[in-house]
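To start, I am sharing the structure in question, which I have written as structure tokens.
The values are calculated or read from the model by the stated rules, or taken from the named source; none is laboratory data. These figures come from a predicted structure and were not determined experimentally. Please note: Cβ atoms are built from the backbone with ideal geometry, for glycine as well, and neighbour counts cover all protein chains shown. Note: accessible area is taken over every heavy atom of the protein model, side chains too, but ligands, DNA and RNA are not part of it. Shrake-Rupley method; radii C 1.70, N 1.55, O 1.52, S 1.80 Å.
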Amino acid sequence: MRPRLIFVRNASRQELELNAAVYTIGRGPECDLQVADDRVSTRHCRLSEHGGQWMIEDLRSTNRTFVNGEPVGDRPRRLADGDVVRFGAPDAALFEARFATGERAIQRQQEPRAIDEAVRLATAKLEAALGERDAELARLRAMYKRAQSELHERDASAAVARQHSTAMASETEALRDELTIARADHASLREAEARALQRCAELETDVRKLRKQIDDAGRLRRDLEAEIGISTSKLATANQALATALENCRVLKEANDGLVARLHAAETPNGSSSGGSVISK
């Protein structure tokens, strides 16, 4: 059996079988195991096989790599069967995996505590009731045996003994009916437990889908913020260019007004003499 990494979270379990000699883990698309989370670096760590032994090496990640709660140093560290590997910050339990070489697969986690406690209490009550019924049956059997002994000893009380025997038989049948009902209730609890486990699995699937949608929304938000930043920069550049153009227009207008004033000043005398010459003609 090839070594593997086993990820267990709530009722969900995933295994990554290490078929290649080298595995790179990180957020980057070139990694063999891609983890879409900001707490995991682009190239976070590397697993490699050397002479039948597996080594783990931290690739200078931001939040480091841990084995059994201890950070991996600058040198590669050998992995043993059962070691717990965590990628990212100490609270990143989502990215915690167990390294396994030949051990049995980790069983799924137990059903929710509330359901387990309810089933345990109901089972205990049923077992207590069954114990009481068994004690009652034993008592009735003893009474029946004593009645049979009295039949042999006292012929005169035979009719009374038969009545007692009939009553005890009826009571025994009633107890058997109650036992049948109790067993049916126990089967119903088993079915309810199975439905609850199925519902838990469905809820876990919904949680994974919601987390993926949240991750996608986060990436979309970051993209929009980047586009807004670019648009803001372009708008500032355009405003600066507009201010420069307005200033140039103001300077040109002032120059134009000065030129018009000079032309007007220059044409005023000439205009008067021209008028006089036209009148003389």
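Per-residue answers, yes or no, for (1) in contact (Cβ under 8 Å) with a residue 60 or more places away in the chain; (2) assigned to a helix (DSSP H, G or I); (3) open to solvent by 60 Å² or more (accessible area, probe 1.4 Å):
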site: Leu179; (1), (2), (3): no, yes, no
site: Ala182; (1), (2), (3): no, yes, no
site: Leu197; (1), (2), (3): yes, yes, yes
site: Gln213; (1), (2), (3): no, yes, yes
site: Asp216; (1), (2), (3): no, yes, no
site: Leu224; (1), (2), (3): no, yes, yes
site: Glu227; (1), (2), (3): no, yes, yes
site: Ile230; (1), (2), (3): no, yes, yes
site: Ser233; (1), (2), (3): no, yes, yes
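What strands (runs of 3 or more DSSP E), lying completely within region 1-79, carry at least 2 residues that are hydroxyl-bearing (Ser, Thr, Tyr) and surrounded by 13 or more Cβ atoms within 10 Å (Cβ to Cβ)? Can you show your working first?
Numbers: elements: 4-9, 12-17, 22-26, 45-50, 53-58, 65-67.
Strands (runs of 3 or more DSSP E) meeting the threshold: 22-26.
Please count how many residues of region 68-91 are more than 20 Å from Cys31 (Cα to Cα), under 23 Å from the mean Cα position of the chain (by Cα) and among the hydrophobic types (A, V, I, L, M, F, W, C).
Selection size over region 68-91: 1.
I'd like the full set of residues that are open to solvent by less than 80 Å² (accessible area, probe 1.4 Å) and without any contact (Cβ under 8 Å) to a residue 40 or more places away in the chain, limited to region 161-176.
Selection gives Ala161, Ser165, Ala167, Met168, Ala169, Ser170, Glu171, Thr172, Ala174.
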